[in-house]
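A quick write-up on the structure given underneath.
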Amino acid sequence: MNWPKARKECLYTIKASHHLSGISKHADAADIHEHDWSITLIFNHWEFHPLHGFTRDEADIDASFGERIRQLEGKLLNDLMPVPPTSENLAIWLIAEWMQYLSPNKINFELDAVRVSKCARHTTEATKEQVIKWKTAIDRRP
């Protein structure tokens, strides 16, 4: 039977550092600096049984997806990512590389998009459909 579907968003906040030396015109970009990153994991079209009420128990989401995000706490993102840790790159890197390790076959089919913000004015959202283009661009870099 087809059950109702819902969109689920799960928000996590971490403190992590980065630098964008040679990438940004921002005055502090070249130096290592810390942000309070807001990371929203977006799951589209999750089926749920009306009598159970959940798409998935939030305790299970926090124990898997949330725990993986919390592993970034206090890290220098430049040391983890193969590209400059901008909000755009962080959003898609989380889908393409960091979050995929929750699945035994190293692909996370559940996660549809990630929204990242490091300040109140700018937010980036990347979808899993963009992963192949992103990885292709990385593979072609000089």
Here's a check for you: in the range 74-88, which residue that is of a type in the set (A, V, I, L, M, F, W, C) and in contact with a strand residue (DSSP E or B) (Cβ under 7 Å, 6 or more places away or on another chain) is nearest to GLU125 (Cα to Cα)?
LEU77
Give the residues of the range 51-81 that are part of a loop (DSSP other than H, G, I, E, B) and among the acidic types (Asp, Glu), sorted by residue number.
ASP57, GLU73
Residues of the range 40-97 that turn out to be acidic (Asp, Glu) and either touching a Pro at 6+ places or on another chain (Cβ under 8 Å) or under 29 Å from ASP139 (Cβ atoms) (or both), as a count:
4
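Yes/no matrix, rows are residues, columns are (1) surrounded by fewer than 18 Cβ atoms within 10 Å (Cβ to Cβ); (2) at pLDDT below 90:
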{"position": "ALA29", "(1), (2)": "yes, yes"}
{"position": "ILE32", "(1), (2)": "yes, no"}
{"position": "VAL83", "(1), (2)": "yes, no"}
{"position": "LEU94", "(1), (2)": "no, no"}
{"position": "ALA113", "(1), (2)": "no, no"}
{"position": "THR123", "(1), (2)": "yes, no"}
Hey, could you check the range 1-18 for residues that are modelled with pLDDT of 95 or more and not aliphatic (A, V, I, L, M) and say which is nearest to LEU72 (Cα to Cα)?
LYS15
Residues of the range 10-41 classified as acidic (Asp, Glu) and either touching a residue at least 60 places away in the same chain (Cβ under 8 Å) or touching a Leu at 6+ places or on another chain (Cβ under 6 Å) (or both), total:
1
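Suppose the filter is outside any strand (DSSP E or B), more than 30 Å from PRO4 (Cα to Cα) and either in contact with a Gly (Cβ under 6 Å, 6 or more places away or on another chain) or not aromatic (Phe, Trp, Tyr) (or both); does PRO84 pass it?
Details: outside any strand (DSSP E or B): yes; more than 30 Å from PRO4 (Cα to Cα): yes; either in contact with a Gly (Cβ under 6 Å, 6 or more places away or on another chain) or not aromatic (Phe, Trp, Tyr) (or both): yes.
When the stated conditions are applied, PRO84 passes them.
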Do we find a residue being modelled with pLDDT under 90, surrounded by 17 or more Cβ atoms within 10 Å (Cβ to Cβ) and touching a Phe, Trp or Tyr at 6+ places or on another chain (Cβ under 9 Å) anywhere in the range 96-107?
yes
Within the range 14-50, the count of residues that are assigned to a loop (DSSP other than H, G, I, E, B) and among the small types (Gly, Ala, Ser) comes to 6
Residues being under 19 Å from MET99 (Cα atoms) and among the aliphatic types (A, V, I, L, M) - total across the range 1-26:
3
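Scan the range 43-59 and tell me whether some residue there is closer than 21 Å to HIS122 by Cβ and surrounded by 13 or more Cβ atoms within 10 Å (Cβ to Cβ).
Going residue by residue through the range 43-59, those that are closer than 21 Å to HIS122 by Cβ are none.
No, because not a single residue in the range 43-59 is closer than 21 Å to HIS122 by Cβ and surrounded by 13 or more Cβ atoms within 10 Å (Cβ to Cβ).
Kindly evaluate TRP134 against the criterion of being under 20 Å from LEU20 (Cα atoms), under 12 Å from the mean Cα position of the chain (by Cα) and aromatic (Phe, Trp, Tyr). Please lay out each step first, then the result.
Numbers: under 20 Å from LEU20 (Cα atoms): yes; under 12 Å from the mean Cα position of the chain (by Cα): no; aromatic (Phe, Trp, Tyr): yes.
No.
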Which number in (1) in contact with a helix residue (DSSP H, G or I) (Cβ under 7 Å, 6 or more places away or on another chain); (2) within 16 Å of GLU88 (Cα to Cα) marks the one condition that ARG68 misses?
(2)
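ALA30 - would you say it is closer than 30 Å to ARG140 by Cβ and in contact with a helix residue (DSSP H, G or I) (Cβ under 8 Å, 6 or more places away or on another chain)? Let's see the steps before the verdict.
Numbers: closer than 30 Å to ARG140 by Cβ: yes; in contact with a helix residue (DSSP H, G or I) (Cβ under 8 Å, 6 or more places away or on another chain): no.
No; evaluated as a whole, the condition is false for this residue.
The values are calculated or read from the model by the stated rules, or taken from the named source; none is laboratory data. Being a predicted model, the structure only gives us computed values, none of them experimental. Every residue, glycine as well, gets a Cβ built from its backbone with ideal geometry; the counts of neighbours run over all protein chains shown.
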